[in-house]
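Visitor: Before anything else, here's the structure in question.
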Amino acid sequence: MAKKTDKPSKKQGKPRVHKELSGFEVSIDQFGGLKTNMDIEKLNEFLNENVDDKKLAERTDYDDLKKVKKKKS
């Protein structure tokens, strides 16, 4: 059985975010849907530029794919 603590949780503030995502907020509505204040296309573009895809990392031509993406930007 898990031990229950009576300590108050840490101060709940806004998390640190990347400069390009400043002001980004996300919440979950009563039906489990995500609500954001930023366009999904802008968010996907940011993720494509800044996050490596773990599934593609095993490919031998992954480095070449990353270079092509950067040239398009």
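Visitor: Taking amide H positions as placed in the peptide plane 1.01 Å from N, state which residues far from Met38 in sequence (5 or more) or on other chains have amide H under 5 Å from it.
Guide: Amide H to amide H, under 5 Å and 5 or more residues apart or across chains, Met38 pairs with Glu25.
Visitor: Further, regarding this structure: Any idea what diffusion coefficient region 24-72 gets from Stokes-Einstein, in µm²/s, Kirkwood Rh on alpha carbon pairs, 10 °C, 1.306 mPa s?
Guide: Numbers: Rh = 13.0 Å.
So the translational diffusion coefficient is about 122 µm²/s.
Visitor: Between Gln12 and Asn48, what is 0.36 nm times their sequence separation minus the Cα-Cα distance? Round to one decimal in nm.
Guide: Details: separation 36, 0.36 × 36 = 12.96 nm, distance 2.92 nm.
Contour length minus Cα-Cα distance gives 10.0 nm.
Laboratory data are not the source of any read-out in this text; all were calculated from the coordinates shown. Everything quoted here is computed from the prediction, not taken from an experiment.
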